[in-house]
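Chemist: Below is one structure. I have some questions about it.
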Amino acid sequence: MILVTGATGNVGRHTVAQLAELGVPARALVRNPAAQLPVPTVVGDLTDPSTLPAALDGVSTVFLIWPGFAASTAAEVISVIERHASRIVYLSANVTPETKIFHNDVERLIRASGLSWTFLRPGGFASNTLGWAEQIREGVVRWPYGKAARSLIHEADIASVATHVLTTEGHEGQSYVLSGPEVLSQADQVRIIGEAVGRTVTWDDLPPAVAREELVAAWGDEGFVDGALAAWAAMVDVPEPVVDTVERLTGKPARTFHQWAEDHAEDFR
């Protein structure tokens, strides 16, 4: 039995659908009891570890997708998982030991546990560009670092890798870096989304100081905002790399950003 947390999110929803299609026994941890998914659901919340034992009954493997930008309950959550399951696959980020982000803390706790583990480390999520939806409807995206170049990955490809790792052997102790198949600047991403929805959308480069103020107000976590701004600034000169992990593990090439934009065109209309 596999437990998928974050099962109604972008990656989790695709993962439970793929597991169901394969006929793999799976269960989804949800906060909303009305959630409709193709596998059985159990109500629980990672921010309240006391809700987890029932969801973990009979579970051998957990696909852990952490909600939000902080992991104050991570130690207790991992302890509860360790008492029930033997294996964890964690959706992390493409971090280094020096990266100041909660994923490092969660990875460290998992490594120190007795669980068999695998980390999935995607770079930029294509789905994060949904944050531009309102501006794209207005025809102009005001955002910092238009020349920052990224290899954004389709959430369905992350789920395909997760499904492969969850259902096959030989991944213990592995950290898999994931990316899309191409590098595109943020300004080009906006142009491609505009093409998918049939309108011209332009880029207006926002000064970083102004962007910081707006993002702190929107996201609430100053450290996360500063980390994001620093990463985008670095990607102007050193683009996010392209890796072949998706194709190597799943046997299928990673989806392009053009395909992602077409898949999500209605979200921007």
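The values are calculated or read from the model by the stated rules, or taken from the named source; none is laboratory data. Please read these numbers as outputs of a predicted model, since none were measured by experiment. Counting neighbours? That spans all protein chains shown, and the Cβs are built from the backbone with ideal geometry, glycine included. In case anyone asks, the SASA skips ligands and DNA or RNA and just uses the protein heavy atoms, side chains included. Shrake-Rupley method; radii C 1.70, N 1.55, O 1.52, S 1.80 Å.
Chemist: How many residues are open to solvent by 60 Å² or more (accessible area, probe 1.4 Å) and under 23 Å from residue 71 (Cα atoms) if we restrict to region 34-54?
Modeler: 5
Chemist: If you take the residues in region 55-77 that are open to solvent by less than 10 Å² (accessible area, probe 1.4 Å) and within 17 Å of residue 101 (Cβ to Cβ), which one is modelled with the highest pLDDT?
Modeler: 64
Chemist: Another one. So which strands (runs of 3 or more DSSP E) are wholly in region 44-146 and hold at least 2 residues that are under 17 Å from the mean Cα position of the chain (by Cα)?
Modeler: Those strands (runs of 3 or more DSSP E) span 61-64, 87-91, 116-122.
Chemist: For region 216-269, name all the residues that are acidic (Asp, Glu), open to solvent by 30 Å² or more (accessible area, probe 1.4 Å) and closer than 16 Å to residue 126 by Cα.
Modeler: 262, 263, 266, 267
Chemist: In this structure, does residue 24 turn out to be assigned to a loop (DSSP other than H, G, I, E, B) and open to solvent by less than 10 Å² (accessible area, probe 1.4 Å)?
Modeler: In short, no.
Chemist: Hey, residue 10 hits all of (1) under 16 Å from the mean Cα position of the chain (by Cα); (2) open to solvent by less than 60 Å² (accessible area, probe 1.4 Å); (3) of a type outside the set (Val, Ile, Thr) but one; which does it fall short on?
Modeler: The one condition residue 10 does not meet is (2).
Chemist: Search region 184-210 for residues being more than 15 Å from residue 127 (Cα to Cα), in contact with a helix residue (DSSP H, G or I) (Cβ under 9 Å, 6 or more places away or on another chain) and of a type in the set (Val, Ile, Thr), and hand back the single one that is surrounded by the fewest Cβ atoms within 10 Å (Cβ to Cβ).
Modeler: In this case the residue turns out to be 200.
Chemist: Follow-up question, since we're still on this one. Quick test for you: out of 194, 251, pick the one residue that is closer than 25 Å to residue 263 by Cα and without any contact (Cβ under 8 Å) to a residue 40 or more places away in the chain.
Modeler: After applying the criteria, what remains is 251.
Chemist: Cβ-Cβ under 8 Å, sequence separation 6+ or interchain: first residue in region 109-122 and under 21 Å from residue 72 (Cβ atoms), partner part of a loop (DSSP other than H, G, I, E, B). Which pairs?
Modeler: Filtered contacts from region 109-122: 115/85; 115/86; 117/172; 117/173; 119/92.
Chemist: Given the conditions (1) free of Cβ contacts under 8 Å to residues at least 40 places away in the same chain; (2) closer than 18 Å to residue 171 by Cα, and given that residue 94 satisfies all but one, which numbered condition is not satisfied?
Modeler: (1)
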